[in-house]
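Student: Got a structure here, written out as structure tokens. Questions coming.
The values are calculated or read from the model by the stated rules, or taken from the named source; none is laboratory data. Just so it is clear, the model here is predicted, and its values are computed rather than measured. Backbone-built Cβ (ideal geometry, glycine too); neighbour counts: all protein chains shown. These accessible areas exclude ligands, DNA and RNA; they are computed on the full protein's heavy atoms, side chains included. Shrake-Rupley method; radii C 1.70, N 1.55, O 1.52, S 1.80 Å.
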Amino acid sequence: MSKKKAMTGAEAAATAMKQINPDVVAAYPITPQTPVVMKFSEFVNDGEVDTEMIRVESEHSAMSACVGASAAGARAMTATASAGLALMWEVVGVASGSRLPIVMNVVNRALSAPINIHCDHSDSMGARDLSWIQLYSEDAQEAYENTILAVKLAEHPEVQLPAMVSQDGFITSHGVQNVTVYSTDKIKKFLGERKPIKALLDVDDPVTMGPLQLQDYYFETKKQQDNAMEKARQVYIDTGKELSKITGNDYGFVEAYNLDSAEYVIVTISSTAGTVKSVIDKMDNPKIGLLKIRMFRPFPYEEVARLLEDKKAVAILDRSESFGADAPIYGEVKNALYNAKSHPKLQSYIFGLGGRDIYEKDIENVFESLLKEDIEDKKRYIGVRE
Amino acid sequence: MIEIRIHGRGGQGAKTAANFLAMAAMEKGKQIQSFPEYGPERAGAPMKAYTRISDKKIKTYAPVVSPDIVLVIDPTFIGNINVTEGIKQDGIMIVNSRETPDKVKEKTGFSGEVHTVDASGIAISATGLNKPNVPMLGALIKITDLIPVESIEKLVRKKFTEKIGEEKTQATVEAINRAYKEVN
């Protein structure tokens, strides 16, 4: 039986973790920790899960403990945000390089300096080349479902890579919304137990993990990581179809909204995609649409190219910067279109850094500019004082 | 979709009021959102919290710019900070105040529908504490009919009983009902 509840995005992610009932959760218990771990530790305290909760002294140690647990064969999870992800950086790469399917909820928040605790995507976008699968959630419901999906995807024998599930800091993590929670029995059945291919605690099959690999093998290991990332595409689709039998929802790489008839399109991720949908409904113009990217790593080049190649103009809205280079989503969309049969005009917009509000009026203005094909070959910034 | 903005001071429970309203509406089958204004959180500083209630899925995550309803928990805001910003012309403002609606209209310059209720007085006499946030919801429900008053009562009992005990919870429920009856 599914239940309809009112909860924050952070509680939704923690509820997914409760149903997953991981063997180990290692997390840093104070700022910049997220309410995901705060809520999950209540479940631990109340005996609703039998997870071993390890409260560590830093985020670096949080990921290290997850690496140890996952290498031992456990299902290990954690959550972090902003400076926390930055501090665990070194070990984030160890997790993927060691092919450990750790799942981490990231509540997207700005990086210092200046000191800022609010939403942008600088933290996880900065980690985009660390060989973690990345899923971005529009709302609390998606944060809940993506967390469940990510565990099965990460642990798939052909994938064996860690996964980040992101949601927007404060906007989603602290905002109360409607969430449908599915039957724990069904979720448990969907996930099953983790079956590691190799585990340190498997004394019948002793292995070494994380050894020195110099010029002789390191390169092969990295190539295998990329192969696994490529395989993750189909596994994501297949796993999504299976989860869909419980939830009734679709899990594409992207979500198209009003896109068939559209000639002018906004591409974005996370909660702002919802705001764009609302503006599309209000503007009531069949020529405008949205392409929401759900999976950023691996990046769905083919789907993005196929869905955008016949459009007239596309605005890509990034909530993070790549200083002196194309913003993360914009750069990927541009790459995707290089081999396409035709190219729409593209406009890069940066918005919402450090939690700067994005209003419906801002989105309307972007659509108005697109409709006039008012495009320039440089970044535009929404709501920035000159 | 109905959009509500609640003005309070950090620590006065504007966020709790916004959440309670949303949760009670959710129990009645509504689509909801509630969120505080995410500024620096300081006890005593003016802050805002928001609730959206709709029959259809709420897609937007943009800030509320033109609320249908404004709830003012702290009476000292009237005449001092702009509580009417962006409010719809046919919007409703409900203020915790001993003053008459006309007086509040005069001080705020808002010409729409204004109601007042002495929620602080009611809260103090019922619970002994100046906690007008949840009682204000009684007044809001009376004026707007958004949800039945029983929904808030049920939620308060569920959320408060374990925390503050049965006696104080009952006092809070009485305060809600008094604010419901006494709103001007």
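Student: A:Ser131 is checked against (1) open to solvent by 10 Å² or more (accessible area, probe 1.4 Å); (2) free of Cβ contacts under 8 Å to residues at least 60 places away in the same chain and fails just one. What number does that condition carry?
Tutor: Here A:Ser131 clears every test but (2).
Student: Looking only at region A:116-128, which residues are open to solvent by 10 Å² or more (accessible area, probe 1.4 Å) and either away from chain B (no Cβ under 14 Å) or among the polar types (S, T, N, Q) (or both)? Break it down stepwise before answering.
Tutor: Applying the first criterion (open to solvent by 10 Å² or more (accessible area, probe 1.4 Å)) to region A:116-128 yields A:116-118, A:122, A:126, A:128.
Hits for region A:116-128 are A:Asn116, A:Ser122, A:Gly126, A:Arg128.
Student: Kindly provide the set of residues from region A:310-326 that are open to solvent by less than 30 Å² (accessible area, probe 1.4 Å) and either over 17 Å from the mean Cα position of the chain (by Cα) or in the same structural domain as A:Ala127 (by TED's automatic domain parsing) (or both), ordered by number. Before you say what the answer is, go through the steps one by one.
Tutor: The initial filter retains those residues of region A:310-326 that are open to solvent by less than 30 Å² (accessible area, probe 1.4 Å), namely A:311, A:313-320, A:322.
Hits for region A:310-326 are A:Lys311, A:Ala313, A:Val314, A:Ala315, A:Ile316, A:Ser322.
Student: Oh, and also: Would a scan of region B:63-75 turn up a residue that is more than 13 Å from chain A (Cβ to nearest Cβ), open to solvent by 10 Å² or more (accessible area, probe 1.4 Å) and farther than 23 Å from B:Lys107 by Cα?
Tutor: For region B:63-75, residues more than 13 Å from chain A (Cβ to nearest Cβ), open to solvent by 10 Å² or more (accessible area, probe 1.4 Å) and farther than 23 Å from B:Lys107 by Cα: absent.
Student: Just a yes or no: is a residue in region A:262-272 at positive phi, free of Cβ contacts under 8 Å to residues at least 60 places away in the same chain, part of a loop (DSSP other than H, G, I, E, B) and more than 19 Å from the chain's Cα centre (by Cα)? Walk me through it before giving the result.
Tutor: Within region A:262-272, the subset at positive phi is A:270.
After this cut, where a residue has to be free of Cβ contacts under 8 Å to residues at least 60 places away in the same chain as well, the list is none.
No, the conditions are met nowhere in region A:262-272.
Student: Name the residue that is farthest from A:Gly210 (Cα to Cα), counting only residues in region A:89-125 that are in contact (Cβ under 8 Å) with a residue 40 or more places away in the chain and polar (S, T, N, Q).
Tutor: A:Asn116
Student: Of the conditions (1) free of Cβ contacts under 8 Å to residues at least 24 places away in the same chain; (2) assigned to a loop (DSSP other than H, G, I, E, B); (3) within 14 Å of chain B (Cβ to nearest Cβ), A:Lys277 fails just one. Which one is it?
Tutor: (2)
Every residue, every condition in (1) of a type in the set (Phe, Trp, Tyr); (2) assigned to a helix (DSSP H, G or I); (3) open to solvent by 10 Å² or more (accessible area, probe 1.4 Å); (4) in contact with a helix residue (DSSP H, G or I) (Cβ under 9 Å, 6 or more places away or on another chain), yes or no:
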position: B:Met136; (1), (2), (3), (4): no, yes, no, yes
position: B:Phe160; (1), (2), (3), (4): yes, yes, yes, yes
position: B:Lys168; (1), (2), (3), (4): no, yes, yes, yes
position: B:Asn177; (1), (2), (3), (4): no, yes, yes, yes
position: B:Lys181; (1), (2), (3), (4): no, yes, yes, yes
position: B:Asn184; (1), (2), (3), (4): no, no, yes, yes
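Student: In addition: Which of the residues that make up region A:1-44 are in a helix (DSSP H, G or I), polar (S, T, N, Q) and more than 26 Å from B:Glu27 (Cβ to Cβ)?
Tutor: At the first step, the residues of region A:1-44 found to be in a helix (DSSP H, G or I) are A:9-20, A:35-44.
Those still in the list that are polar (S, T, N, Q) too: A:15, A:19, A:41.
Across region A:1-44, the qualifying residue is only A:Ser41.
Student: Select from region A:1-33 the residues that are within 19 Å of A:Ala81 (Cβ to Cβ) and within 14 Å of chain B (Cβ to nearest Cβ) and write down the one among them that is most open to solvent (accessible area, probe 1.4 Å).
Tutor: This residue is A:Thr31.
Student: How many residues are over 21 Å from A:Lys231 (Cβ atoms) and surrounded by fewer than 18 Cβ atoms within 10 Å (Cβ to Cβ) if we restrict to region A:287-309? Explain how you work it out, then say what you get.
Tutor: Initially, region A:287-309 is screened for residues over 21 Å from A:Lys231 (Cβ atoms), giving A:287-292, A:307-309.
Restricting the remaining residues to those that are surrounded by fewer than 18 Cβ atoms within 10 Å (Cβ to Cβ) gives A:287, A:309.
Residues that pass the stated criteria total 2.
Student: Can you pull out the residues in region A:343-362 that are outside any loop (DSSP other than H, G, I, E, B), away from chain B (no Cβ under 14 Å) and buried (at least 18 other Cβ atoms within 10 Å of the Cβ)?
Tutor: Residues of region A:343-362 that are outside any loop (DSSP other than H, G, I, E, B), as a first pass: A:345-350, A:353-355, A:360-362.
When the remaining residues are screened for being away from chain B (no Cβ under 14 Å), the result is A:345-350, A:353.
Scanning region A:343-362 gives A:Leu346, A:Gln347, A:Ser348, A:Tyr349, A:Ile350, A:Leu353.
Student: OK, next. Select from region A:61-73 the residues that are assigned to a helix (DSSP H, G or I) and farther than 21 Å from A:Leu212 by Cβ and list them in ascending order. Before you say what the answer is, go through the steps one by one.
Tutor: Residues of region A:61-73 that are assigned to a helix (DSSP H, G or I), as a first pass: A:61-72.
If the condition is that a residue be assigned to a helix (DSSP H, G or I) and farther than 21 Å from A:Leu212 by Cβ, then A:Ser61, A:Ala62, A:Ala65, A:Cys66, A:Ala69 are the ones that fit.
Student: Can you name the residue in region B:7-28 that is assigned to a helix (DSSP H, G or I) and of a type in the set (D, E, K, R) and, of all such residues, is nearest to B:Ile94 (Cα to Cα)?
Tutor: Initially, region B:7-28 is screened for residues assigned to a helix (DSSP H, G or I), giving B:14-27.
Retained after the next criterion (residues that are of a type in the set (D, E, K, R)): B:15, B:27.
Numbers: B:Lys15: 16, B:Glu27: 24 Å.
The residue in question is B:Lys15.
Student: Here is a check on your reading of the model: is A:Ser58 within 13 Å of A:Pro32 (Cβ to Cβ) and of a type in the set (S, T, N, Q)? Talk me through it step by step, then tell me what you get.
Tutor: Working: within 13 Å of A:Pro32 (Cβ to Cβ): yes; of a type in the set (S, T, N, Q): yes.
When the stated conditions are applied, A:Ser58 passes them.
Student: Scan region B:41-85 for residues that are of a type in the set (Val, Ile, Thr) and part of a loop (DSSP other than H, G, I, E, B) and jot them down.
Tutor: Step one: list which residues in region B:41-85 are of a type in the set (Val, Ile, Thr), which gives B:51, B:53, B:58, B:60, B:64-65, B:69-70, B:72-73, B:76, B:78, B:81, B:83-84.
Result: B:Ile58, B:Thr60, B:Val64, B:Val65, B:Ile73, B:Ile78, B:Ile81, B:Val83, B:Thr84.
Student: So the check is Cβ under 6 Å with 6+ separation or different chains; which pairs have a first residue in region A:70-88 that's touching a residue at least 40 places away in the same chain (Cβ under 8 Å) and a second one that's part of a strand (DSSP E or B) and open to solvent by 10 Å² or more (accessible area, probe 1.4 Å)?
Tutor: Close Cβ pairs (under 6 Å, with a partner that is part of a strand (DSSP E or B) and open to solvent by 10 Å² or more (accessible area, probe 1.4 Å)) amount to A:Ala74/A:Val24; A:Ala76/A:Val24.
Student: Restricted to region A:156-202, and to residues that are open to solvent by 60 Å² or more (accessible area, probe 1.4 Å) and not in a loop (DSSP other than H, G, I, E, B), which residue is farthest from the other protein chains (Cβ to nearest Cβ)?
Tutor: A:Lys189
Student: State whether the residues of region B:29-38 include one that is acidic (Asp, Glu), in a strand (DSSP E or B) and within 14 Å of chain A (Cβ to nearest Cβ).
Tutor: The first filter runs over region B:29-38 and keeps only residues acidic (Asp, Glu), leaving B:37.
Right, trim to in a strand (DSSP E or B) and you get none.
No, that holds for no residue.
Student: Go through (1) at positive phi; (2) at pLDDT below 95 and name the single condition A:Ile117 misses.
Tutor: All conditions pass for A:Ile117, except number (1).
Student: In the list A:Asn365, A:Asn335, which residue meets the criterion of being under 23 Å from the mean Cα position of the chain (by Cα) and assigned to a helix (DSSP H, G or I)?
Tutor: A:Asn335
Student: Out of curiosity, is B:Val104 more than 14 Å from chain A (Cβ to nearest Cβ), touching a residue at least 60 places away in the same chain (Cβ under 8 Å) and in a helix (DSSP H, G or I)? Working first, answer last.
Tutor: Numbers: more than 14 Å from chain A (Cβ to nearest Cβ): yes; touching a residue at least 60 places away in the same chain (Cβ under 8 Å): no; in a helix (DSSP H, G or I): yes.
No, not satisfied.
Student: At least 3 residues that are over 16 Å from the mean Cα position of the chain (by Cα) in each: list the helices (runs of 4 or more DSSP H) lying fully within region A:74-155 that qualify. Before you say what the answer is, go through the steps one by one.
Tutor: Details: elements: A:82-97, A:122-126, A:140-155.
Because the criterion is at least 3 residues that are over 16 Å from the mean Cα position of the chain (by Cα), the helices (runs of 4 or more DSSP H) in region A:74-155 that meet it are A:82-97.
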